[in-house]
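Would you mind keeping the following structure in view while I ask a few things?
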């Protein structure tokens, strides 16, 4: 009795998990299928699963100037903003984790709220500001904006990590006449690398995926991949093969990066999620 | 000895925290606080960027009183509300269910868990594109499948179904997030609680309602705060999936602000709307912020 009941629970679990996996993975599978289908025109009916795969779509989006400039924009903006947010984030996290000062709580609350408030609330005044500074459509603008909006997550994650490190050895080092900066470099940083690597990857993915700021603040020169793909959608409404190939190439970068840290992901997202 | 200890204490209390914290505060401040102050000023003006011959004029609170006669705003608040309720309901119930199943059968960091997370790692714009491919009424695979099953094809992105479709697509993308939070919550419940319940002879349902659910209160609270505030952020996927349409059937608040600001270039009014969105968001995240940071005091 007990055994058959256990078996049926297991079957129910397996069923739920299978349904969920199909639901999660089928759309991604379908994107790949569409990208691999040779361009016979979109309106072809018949069984959509039967075709002979080809890489034509990938060749056509990768050749010429189709995607490359946007890819470079996304890459450079993502890397620089990630570096800056990590650099300033480590400093701020050390300050918040190791000093007790008036306004610390307010600073933490403010940092949290920047992370949670909707970016759309800041887009209009930032647009007018950058317009007045003649900085619209430059990579620098997106780098600055991304740095500012990635900082809260970096600071929060790194602050909690530093707080988990015992501070006895830091106190000893201070006693030996090191200043705080030296303590940070010599003692805190070596045990902070894993957390920094995880935060860096999450940040670069967030910058890579970002759409709203990029859509509003760029028009030609500084356009990033997500914006470029949506423009593709308007221009070439029917070339689904090429659009899918471009979308697949854009989406695969974050997935591969995060696969590297998937063991830390649960912890990382757990604190807030990456959105 | 007591002296040296107080010296250390003093070192940790000195003003040098400003050196560490200063640069970040300046960067974040100049891109959030300064624009807000400037934005409040903008919200009191009539300022249209495409009609530069009309000077920027001070109109007082007119942009805010205009809210009450703005049908499109009401519609978009309503869309946002339905979107929030739909995504919250689906993601809490299904998320908890899947997390419970995963908790029973999977190791903490298996690759399968990563695959479960996949949808939320996809660029949101690409999520929109994928589902447009699948849902297209004439050559989308979903209509092909249901026709094969003998069901009439549907206009998934038509006026009747578009909002429901958008809610389901958003759930596809972000269900992993609530699964992940629930998984973490579940793994933090001590095993002894369950052992004690088993000794007391509690069945699975009673165990769930007396042990699992009460211990997930904090997780549930976080999920709710995130999901409700995400409804105010919803932009990327809707933009690529429906563009807010058909008509304005799926134009959630963020899209409405973007439309007024960067299609109509009504900067003053768009700024007043931004302040409205931020205020609603503050009301949602306020209780969360005042509780969460206590954990890190």
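Among the helices (runs of 4 or more DSSP H) lying completely within region B:76-185, list those that include at least 3 residues that are within 29 Å of residue A:205 (Cα to Cα) and touching a helix residue (DSSP H, G or I) at 6+ places or on another chain (Cβ under 6 Å).
Details: elements: B:111-121, B:124-135, B:141-148.
Hits in region B:76-185: B:111-121, B:124-135.
Do you know which of the residues in region B:114-135 that are crowded, with 21+ Cβ neighbours inside 10 Å and more than 7 Å from chain A (Cβ to nearest Cβ) is farthest from residue A:259 (Cα to Cα)?
Result: B:135.
Is there a residue being under 30 Å from residue A:224 (Cα atoms), at pLDDT below 90 and within 11 Å of chain A (Cβ to nearest Cβ) anywhere in region B:140-162?
The answer is yes, given that some residue of region B:140-162 is under 30 Å from residue A:224 (Cα atoms), at pLDDT below 90 and within 11 Å of chain A (Cβ to nearest Cβ).
In this structure, does residue A:151 turn out to be part of a helix (DSSP H, G or I) and within 16 Å of the chain's Cα centre (by Cα)? Break it down into steps so the answer makes sense when it comes.
Values: part of a helix (DSSP H, G or I): yes; within 16 Å of the chain's Cα centre (by Cα): yes.
Here the answer is yes, as residue A:151 does meet what is asked.
Looking at A:197, A:207, which one is at pLDDT 85 or above and either crowded, with 24+ Cβ neighbours inside 10 Å or part of a loop (DSSP other than H, G, I, E, B) (or both)? If you could, list the steps in order and put the result at the bottom.
On the way: A:197 fails: either crowded, with 24+ Cβ neighbours inside 10 Å or part of a loop (DSSP other than H, G, I, E, B) (or both).
From the options A:197, A:207, the qualifying one is A:207.
Each row is one residue, and each column tells you yes or no for (1) modelled with pLDDT under 90; (2) within 14 Å of another protein chain (Cβ to nearest Cβ).
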{"position": "B:53", "(1), (2)": "yes, no"}
{"position": "B:76", "(1), (2)": "no, yes"}
{"position": "B:82", "(1), (2)": "no, no"}
{"position": "B:85", "(1), (2)": "no, no"}
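Condition first: buried (at least 24 other Cβ atoms within 10 Å of the Cβ), facing chain B (nearest Cβ under 7 Å) and farther than 21 Å from residue B:138 by Cβ. Now tell me which residues in region A:240-254 satisfy that.
A:250, A:251
Does at least one position in region A:76-83 carry a residue that is more than 7 Å from chain B (Cβ to nearest Cβ), surrounded by 18 or more Cβ atoms within 10 Å (Cβ to Cβ) and within 28 Å of residue B:288 (Cβ to Cβ)?
Going residue by residue through region A:76-83, those that are more than 7 Å from chain B (Cβ to nearest Cβ) are A:76-83.
Still in the running and surrounded by 18 or more Cβ atoms within 10 Å (Cβ to Cβ): A:77-78, A:80-82.
Subset that is within 28 Å of residue B:288 (Cβ to Cβ): A:81-82.
Yes; the residues of region A:76-83 include at least one that is more than 7 Å from chain B (Cβ to nearest Cβ), surrounded by 18 or more Cβ atoms within 10 Å (Cβ to Cβ) and within 28 Å of residue B:288 (Cβ to Cβ).
With respect to residue B:213, is the statement that it is buried (at least 23 other Cβ atoms within 10 Å of the Cβ) and either within 14 Å of the chain's Cα centre (by Cα) or without any contact (Cβ under 8 Å) to a residue 12 or more places away in the chain (or both) true?
It is false that residue B:213 is buried (at least 23 other Cβ atoms within 10 Å of the Cβ) and either within 14 Å of the chain's Cα centre (by Cα) or without any contact (Cβ under 8 Å) to a residue 12 or more places away in the chain (or both).
Still on this structure, please answer the following. I'd like to know if region B:265-288 contains one or more residues that are in a loop (DSSP other than H, G, I, E, B), closer than 30 Å to residue B:53 by Cα and in contact (Cβ under 8 Å) with a residue 60 or more places away in the chain. Working first, answer last.
Of region B:265-288, the ones in a loop (DSSP other than H, G, I, E, B) are B:265.
Going one step further and asking which of them are closer than 30 Å to residue B:53 by Cα, we end up with B:265.
Restricting the remaining residues to those that are in contact (Cβ under 8 Å) with a residue 60 or more places away in the chain gives B:265.
Scanning region B:265-288 turns up at least one residue that is in a loop (DSSP other than H, G, I, E, B), closer than 30 Å to residue B:53 by Cα and in contact (Cβ under 8 Å) with a residue 60 or more places away in the chain.
Also: Consider residue A:129 carefully, then state whether it is without any contact (Cβ under 8 Å) to a residue 24 or more places away in the chain, surrounded by fewer than 22 Cβ atoms within 10 Å (Cβ to Cβ) and within 7 Å of another protein chain (Cβ to nearest Cβ). Walk me through how you get there before you give the answer.
On the way: without any contact (Cβ under 8 Å) to a residue 24 or more places away in the chain: yes; surrounded by fewer than 22 Cβ atoms within 10 Å (Cβ to Cβ): yes; within 7 Å of another protein chain (Cβ to nearest Cβ): yes.
Answer is yes for this residue.
The values are calculated or read from the model by the stated rules, or taken from the named source; none is laboratory data. Just so it is clear, the structure is predicted and the values come from calculations on it, not from any experiment. A quick note on method: Cβ atoms are made from the backbone with ideal geometry, for glycine too, and the neighbour counts reach across all protein chains shown.
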